[in-house]
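Trainee: The structure follows.
The numbers here are math on the coordinates, done by the rules we state, and not lab data. Values in this document were obtained by computation on a predicted structure and should not be read as measured data. Every residue, glycine among them, receives a Cβ derived from its backbone with ideal geometry; neighbour counts consider all protein chains shown.
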Amino acid sequence: MKYLIFGASTGIGKALAEELYQKGHDITLASRRIHLLENIKQNLEGVPNIISCDISQEEQVKQTISYADKQMSGIDIIVINAGVGMNEQILKEELKVIETNVKGFTLAARKAFDYFSNRNKGHVVGITSVARFRGFYPSFAYSASKAYDHIYLEGLRHQAMRENLNIYISEIMPGFIDTPILKNKEELFWVASAQKAANLIIRAINRKANKAFIPGKWWLPAFLLNWLPQKFLVKILP
Ligand SMILES: NC(=O)c1ccc[n+]([C@@H]2O[C@H](COP(=O)([O-])OP(=O)(O)OC[C@H]3O[C@@H](n4cnc5c(N)ncnc54)[C@H](OP(=O)(O)O)[C@@H]3O)[C@@H](O)[C@H]2O)c1
């Protein structure tokens, strides 16, 4: 299969690139830090196509899709993995989250969908988070951005169904994965490696899942987050 990954320089995106390469897929990797993509390319025998892309810039997203299309003679699956967390609870950080996780996500998802719509086939994969279920201190702008991504993907799936398009939309909801985005790892539980996450994501993509928790056991915390009253959540969350 021919994959384009937005946000492939570190963490889950990098692990996905490595696992897909091992499995013999064609891959195009897009991120802002091109030197990191160059390192990945070198380690993977020069095989992946790489391109510098800031997902929050419409022209760059457009150019990235058209580059991947040319390099691989078509794209089957577009993974929107690019995302940022928050370092401080200040407005500046919240706006950064919105710029990437909301504006950037929308640009990539819309352009991916339109690309596939013109061909009446394809698969859009969005990486959201278990954090999307509730707004809780301290990083509720992040949770809100992922809730937006969830609803947006649901909307795209609705559009594909209404227009009878042969396009799949998958929402991937990771729990805690050991990557640079994760702070205070030692205080967290069920932290999985990026490689394990990548393998589980590929399995979810292969079965064209509408939604998948990564790893699967995160359905339980998600269920609790969804249903517990806020006054209990305040007591049990760190
Ligand atoms: N790790 C977890 O525990 C966890 C849990 C739930 C959800 N997630 C989600 O999983 C996804 C991957 O995160 P990660 O854990 O692998 O963290 P990460 O290692 O920090 O990776 C984030 C990736 O996004 C890219 N990115 C950020 N801003 C971008 C922009 N404006 N344009 C293009 N690319 C951009 C980064 O590349 P450049 O900086 O080079 O552009 C990097 O490749 C994110 O959407 C994150 O929210 C992670």
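Trainee: Mind checking segment 104-194 for GluC sites (Glu not before Pro) that DSSP puts in a loop (not H, G, I, E or B) and that have at most 13 other Cβ atoms within 10 Å?
Mentor: Values: sites: E154, E163, E171, E186, E187; in loops: E163.
Here the sparse-neighbourhood loop sites are E163.
Trainee: Tell me what the chain gives for mean residue ellipticity at 222 nm when only DSSP H runs of n ≥ 4 count, each as -39,500 (n - 2.57), the sum divided by the residue total, rounded to 500 deg cm²/dmol.
Mentor: After summing the helix terms and dividing by residue count, I get -14500 deg cm²/dmol.
Trainee: How large is the Kirkwood hydrodynamic radius of the chain, counting all unique pairs of alpha carbons, in Å?
Mentor: Numbers: mean 1/r = 0.0555 Å⁻¹.
Kirkwood radius, the chain: 18.0 Å.
Trainee: Taking the Cα atoms only, what angle lies between the long axis of helix 194-206 and the longest principal axis of the chain, rounded to 10 degrees?
Mentor: 70
Trainee: For a paramagnetic label modelled at 7 Å from the Cα of N166 toward its Cβ, which residues of segment 105-120 fall within the zone defined by backbone nitrogen distances under 18 Å?
Mentor: 113-120
Trainee: Sticking with this structure for a sec: Over the chain, what relative contact order in percent results from Cα pairs under 8 Å that are six or more residues apart? Provide the component values of the computation, followed by the final result.
Mentor: Working: 420 pairs, mean separation 42.7, N = 238.
Normalised by residue count, the contact order of the chain is 18 percent.
Trainee: So, one more: As a quick test, which of the pairs K23/K96; K146/K231; K14/K231; K23/K103 have an alpha carbon distance above 30 angstrom in this structure? Intermediate values should be presented prior to the final figure.
Mentor: Working: K23/K96 35 Å; K146/K231 22 Å; K14/K231 38 Å; K23/K103 32 Å.
In this structure, K23/K96; K14/K231; K23/K103 lie more than 30 Å apart at Cα.
Trainee: Moving on to the next point. What trypsin sites (Lys or Arg not before Pro) does segment 1-72 have in DSSP loop regions with at most 12 other beta carbons within 10 Å? Please list the in-between numbers first.
Mentor: On the way: sites: K2, K14, K23, R32, R33, K41, K62, K70; in loops: K23, R32, R33.
Qualifying residues, ordered by number: K23, R33.
Trainee: Nearest 20 debye, what's the magnitude of the dipole of the chain about its Cα centre given +1 on Lys and Arg Cβ and -1 on Asp and Glu Cβ?
Mentor: The calculation lands at about 580 debye.
Trainee: Quick check: residue separation of W219 and Q22 times 0.36 nm, minus the Cα distance between them. What number comes out in nm?
Mentor: Details: separation 197, 0.36 × 197 = 70.92 nm, distance 2.88 nm.
Extra length from W219 to Q22 when fully extended: 68.0 nm.
Trainee: Determine the relative contact order of segment 19-79: mean sequence separation of Cα pairs under 8 Å and six or more apart, normalised by residue count, in whole percent. Before the final figure, lay out the partial values.
Mentor: Working: 58 pairs, mean separation 17.3, N = 61.
For segment 19-79, the relative contact order is 28 percent.
Trainee: Another question, if that's okay. Label S193 and M1 with points 7 Å out from Cα along Cα→Cβ: what is the distance between them in nm?
Mentor: 2.3
Trainee: Nearest 10 degrees is fine. How inclined is helix 11-22 to the longest principal axis of the chain, computing both from alpha carbons?
Mentor: The angle comes out near 40 degrees.
Trainee: Under 1.5 on a/c is rounded, so check that first for segment 1-130, then, if it is not, pick prolate when a/b is larger than b/c and oblate when it is not; a ≥ b ≥ c are the square roots of the alpha carbon gyration tensor eigenvalues. Let's see the in-between values first.
Mentor: On the way: a/c = 1.87, a/b = 1.28, b/c = 1.45.
Since a/c reaches 1.5 but b/c is at least a/b, the shape of segment 1-130 is classed as oblate.
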